[in-house]
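K.L.:
Dropping a structure here in structure tokens format, bear with me for questions.
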Amino acid sequence: MLDSLTPEFRKECLSVLRRICVRKALLPRSFEITVRYDQSKDALYSNGYADVWVGEHRGRKVAVKALKVYSTSDLEKEKFARVGYHR
């Protein structure tokens with residue numbers, strides 16, 4: 001559907017979607033991708049907020065950033081991955 005829009009209108013729609021996602025702390029399912037990475041190995045980088053791993057998506061090497069999210073009630077950790085193509 002977005003492919004049929006003018007480039008300017010498409011850019012505006014994506015901008016509005018981004019703002020809604022930030023305000024509501026949501027990520028649309030269409031933004032999710034399947035990435036393979038080996039958590040049994042050490043992360044390339046790690047701190048209190050995230051770990052960075054080498055992964056693979058559609059045969060390409062990618063950087064996988066797994067954010068550490070802490071619940072204020074019981075400090076249970078959950079990780080959410082954000083992927084960027086490694087160039």
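K.L.:
Loop only per DSSP, at most 16 neighbouring Cβ atoms within 10 Å: give me the GluC sites (Glu not before Pro) in segment 1-52, ordered by residue number.
P.N.:
E32
K.L.:
If amide hydrogens are placed 1.01 Å from N in the peptide plane, which non-local residues have theirs closer than 5 Å to the one on K68?
P.N.:
A50, D51
K.L.:
Here's another thing I want to ask about it. Evaluate the distance, in nm, between pseudo-label points positioned 7 Å from the Cα of H57 and of V16 along their respective Cα→Cβ axes.
P.N.:
My value for the distance between the label points is 2.6 nm.
K.L.:
Express in nm, to one decimal, how much length is gained between L44 and K24 on full extension, taking 0.36 nm for each residue of separation and deducting their alpha carbon distance.
P.N.:
Numbers: separation 20, 0.36 × 20 = 7.20 nm, distance 3.07 nm.
Taking 0.36 nm per residue and subtracting the Cα distance, the gain is 4.1 nm.
K.L.:
Taking segment 16-45, which trypsin sites (Lys or Arg not before Pro) meet the DSSP loop condition and have no more than 13 other C-beta atoms within 10 Å?
P.N.:
K41
K.L.:
Would you mind ranking S46, S15, S40 so that the residue whose beta carbon has the fewest other beta carbons within 10 Å leads the list?
P.N.:
Starting with the residue having the fewest Cβ neighbours, the order is S40, S15, S46.
K.L.:
Also: Kirkwood hydrodynamic radius, computed over distinct alpha-carbon pairs, for segment 1-41: how many Å, to one decimal?
P.N.:
Computed over segment 1-41, the radius equals 12.6 Å.
K.L.:
Could you run the Karplus curve 6.51 cos²θ - 1.76 cosθ + 1.60 with θ = phi - 60° over segment 22-39 and give me ³J(HN,Hα) per residue in whole Hz, x for Gly and Pro?
P.N.:
5, 5, 9, 6, 10, 10, x, 4, 5, 8, 7, 10, 8, 10, 9, 8, 9, 7
Laboratory data are not the source of any read-out in this text; all were calculated from the coordinates shown. Quick caveat: nothing in here was measured; it's all calculated off a predicted structure. Cβ atoms come from the backbone with ideal geometry, glycine included; neighbour counts cover every protein chain shown.
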